Structure formats: C-alpha cells, structure tokens
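To start, the structure under review is shown below, and the notes come after it.
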Amino acid sequence: MNTNPTEPVREIPIIIIVGTNRKDSMSRHIADYYHLILQQLGKSSDILDLSGLPPDFMTTALYENTGKNPEFNRYKEVVERAKKMVFIVPEYNNSYPGVLKAFIDGMSYPSGLSNKKVALVGLSANHQGGALALSHLNDIFSYLGTNTLALRVKLAQIRNYWKEGALHNELYNMLLQQQAQQLIDF
C-alpha cells in the first residue's frame, strides 16, 4: 500500500484466478483471454495461476501451518489485497477442482474473501458450462461474505470454440465483455 501522500495511489488490478493447478489448462487460456478483454476496457489485471502453487501447500500452509509457507503466503497476500477478482473455474466431476477449495480454505477467515467483488466464469467440455461448479462455488462465497456478480458466464463445450488463441463464439464473447464491464462498474 502506498503511504507517501506525494505519490499517486497505484490502482490495485483485478486479479484473474485460474481455478485449477493443471499445467497449460484451458482455464489458463481463458484467463489470458479475459486479461485481454480487461485491457481493451482500459483496466489493469494480473493472473494468479494455481498451477504455480507449492505442491505440498495443503500440508505446509493450512491449519496448524498457517503462515509457515512463504510461497503460499505470496498467493494469499495477492488475494487478500485485491478488491476485485475473476475466478475462471473448470468443471471437475460436476463441481470445481479440489485445489481451488483448498486454496480458498487457506485464506484468512473470515476476512480473507469478505467484501471482495468477484466475477465467475465456468467452463466445461459438456453442455452445462460448469453451471454446478459455479453454483457450488457461489455457495462458498456467500458463506464467506464475498459479493459475486449476478452474471455468471458459462462456457459450454469450450474446446469446440477455442481456436488459435481466441474464442470463436459470438455469444460467449458478448457475455465475457458484458461481465468484464459489469465487474469494472461493480
């Protein structure tokens, strides 16, 4: 945080969280795409990719080990400083990835995600677009006091529409643009 009154206050960017630890995931591609959308709208953003989490964070950074893993603590600090976030959430077994739940559990309770403004984007290989995953995640955020944007974008059959680094679906592009603008205005 900037404490020098003579320096301009640096805007905290929107944090885009890749909701899986799978390397080179479709979620990461969509996060990069969302980052470009925010750039086009004049808003800065950073991507937080869970694939970079320490592989042992569930045993070295949670519960009695809270605060003891410096790598995890860097992730935690980014989230806790952020005011607005976008979660790119793949559907795993009709819900969201376990690593995302463990990551959320590692945030400070109750204030780590309280009063944050969050947009949710689901993606899946099937025709539901991660609807149940987003519903489950929204329940968790509601419990934590996180403010989720009403427009939840669901990208169904994502592999049919993702080609050469771009999303080739007019409706999906419109919804992502609309959601990004709503998050900026939120």
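Given the criterion aliphatic (A, V, I, L, M), assigned to a helix (DSSP H, G or I), surrounded by fewer than 19 Cβ atoms within 10 Å (Cβ to Cβ) and in contact with a strand residue (DSSP E or B) (Cβ under 9 Å, 6 or more places away or on another chain), identify the matching residue among Ile184, Ile140. Lay out the reasoning, then the answer.
Working: Ile140 fails: in contact with a strand residue (DSSP E or B) (Cβ under 9 Å, 6 or more places away or on another chain).
Answer to the check: Ile184.
Of the residues Gly129, Gly112, which single one is of a type in the set (Gly, Ala, Ser), at pLDDT below 95, within 22 Å of Asp24 (Cβ to Cβ) and touching a helix residue (DSSP H, G or I) at 6+ places or on another chain (Cβ under 9 Å)? Give the steps one after another, and end with the answer.
On the way: Gly112 fails: within 22 Å of Asp24 (Cβ to Cβ).
Only one candidate qualifies: Gly129.
For Ser95, which of the numbered conditions (1) at positive phi; (2) touching a residue at least 40 places away in the same chain (Cβ under 8 Å); (3) of a type in the set (S, T, N, Q) fails to hold?
Condition (1) is where Ser95 drops out.
Out of segment 145-186, which residues are of a type in the set (A, V, I, L, M) and modelled with pLDDT under 95?
Residue satisfying the conditions is Ala166 alone.
Confirm whether Ser25 is at pLDDT 95 or above, over 21 Å from Lys84 (Cβ atoms) and either surrounded by fewer than 20 Cβ atoms within 10 Å (Cβ to Cβ) or among the small types (Gly, Ala, Ser) (or both).
When the stated conditions are applied, Ser25 passes them.
Could you give every pair whose Cβ atoms fall below 9 Å, whose first residue belongs to segment 69-82 and is closer than 15 Å to Asp56 by Cα, and whose second residue is acidic (Asp, Glu) and open to solvent by 10 Å² or more (accessible area, probe 1.4 Å), counting only separations of at least 6 or pairs across chains?
Asn69/Asp56
The values are calculated or read from the model by the stated rules, or taken from the named source; none is laboratory data. None of the values given here were measured: they were computed from a predicted structure. Here Cβ is always computed from backbone atoms with ideal geometry, including for glycine, and neighbour counts include all displayed protein chains. Just so you know, the surface numbers come from the protein's heavy atoms only, side chains and all, with ligands and any DNA or RNA stripped out. Shrake-Rupley method; radii C 1.70, N 1.55, O 1.52, S 1.80 Å.
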